[in-house]
Structure formats: structure tokens, C-alpha cells
Amino acid sequence: MNALRFLIVLASISTILLLQACGTGGGSTDTAGALTISKPAAADNGNGQSTVTFSVTYSPPSGKTAQGVVVVINITGFATDRVTLTSGSNSASYTAIVDNGTTISISAAVNTMTAGTVFFVPTGATPGTGALTVAPTTADFIFTDPALSIKTITISGGTAPYFVASSVPADIGAIMATGTTATVTLVNAAAPPSPGIQSNATVTITDSATPTATKTVAITYFK
């Protein structure tokens, strides 16, 4: 596999301003509010790489503006990039050229406030055929299954790339293992011989169509 090569393109103009404090005209290091990373999108470049795009958004508290707020962005351990948000715009957009078939981690921080996401770059991010389908639509972990037991979900149709999320990530992990398969992991397990308490989770698979299509897989497990 070729080494990852990242070309980070900042699509916003960096202008240093001051974050207005409530009731004053001075600066503030207040990091209240919200920091989010958009769902990345991938477009196959036809050369073994894809162009991945995403945006980072800082939403200040009511009555304040994102003046001078510095957002630190890091992609899979590479050198960090710092963005000073501009007046009237709380978002910074990025483009990364990434090898197909790799997983990248994206993180952002405003002082102690952090956000992050993990994205699998598929091999050939091309549309599927027909409606989005997943198999199986249910998966059961029995109480004797050890922690880190895995179930596999096969995805077809819709528009790649696909995204997967668990409703109870602390107990049931869900990631894209390949471009068309997701793995569901039992993070916590019951202690045999007691069957423990049966619990339920939902794994949601989303495609990249506009509007997106979603499918769910019902998970039962013991904890």
C-alpha cells in the first residue's frame, strides 16, 4: 500500500479577530459553545487515491461571535494546522488527498473543547446499483460470547462510501472494515455462567446519496 499523502487545502481566509466577551468589548478565552466535524465525503480520483472533503464548525455561545477563535486540526497524526475563524463565518473547509483503502482519523480542538471522527476511504468510491441493502438485518450476541466478539454486515446498493454508527458505542462498536463491509464488535460481555441482562442496540448504515439512504441492524447482547 502506498504511504499516505495528505494535501491539506484551507478553503477559508484566516483573519485574526478577537472573541467578544459578553457585556465587554475585550477578548475572552471562553470555549463554551459547540465544535463539530462534518461527515467526510470521498471521491475516487482513479489513481489509487480519493479526494476527501470535510468541514470543521465552531458554534459560539449565544451573544458571542467566533472572533479570533483558533481551531487546531489534525489528520492521522500528521502536522497540525491552525485556523483562525473569520468574521461572519464559523467554518473552515478542507480537502485531503488520501490513498484508497485506508482509515484516517480527523480531530479538531478549540482549547480544551475537542471533536473527532474516523473515516474509511474506500477502494473506488463509486455508486452502487439499486437500493441500499444490508445483510443481516439482525445480529445476536449470546451471553457466553467473549468481549471483542465480532459480527459482519455486508452492504450493497445505494451510493458509496458508506458510514456506520452504533446507538450504544460503549457496548457495541461499529466501524467500516472495508468499502462494503461493516464490523460490529461486542465491547462489553456478560460474565458466564450468569446470563446477565439482555440489552439492545441499533447499528445504522448510511450511504452518500443526496438525500442519504439509511438501513438499520438490530443488535441484542448481554451485559
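FYI, it's all coordinate maths here, none of it is from the lab. Note that this is a predicted model, so its numbers are computed, not measured. Every residue, glycine as well, gets a Cβ built from its backbone with ideal geometry; the counts of neighbours run over all protein chains shown.
Highest average first, the peptides 144-150, 109-115 ordered by how many other beta carbon atoms sit within 10 Å of their residues are 109-115, 144-150. One chain, two ends: Ser156 and Thr76. Fully extended at 0.36 nm per residue, the span grows by 26.0 nm beyond their Cα-Cα distance. Applying 1/(1 + (r/R0)^6) with r as the Cβ-Cβ distance of Thr183 and Ser55 and R0 = 25 angstrom yields a FRET efficiency of 0.35. Packing, as the average of other Cβ atoms within 10 Å across residues, places the peptides 131-138, 198-205 in the order 198-205, 131-138, highest first.
Remark: the Met113-Ala32 segment gains 28.4 nm on full extension, using 0.36 nm per residue and subtracting the alpha carbon distance.
Label-to-label distance, Thr212 versus Ser194, with points set 7 angstrom from Cα along the beta-carbon direction: 3.8 nm.
What is the range 133-222's relative contact order, in percent, from Cα pairs under 8 angstrom and six or more apart in sequence? It would help to have the intermediate numbers written out before the result.
Details: 213 pairs, mean separation 33.1, N = 90.
Value for the range 133-222: 37 percent.
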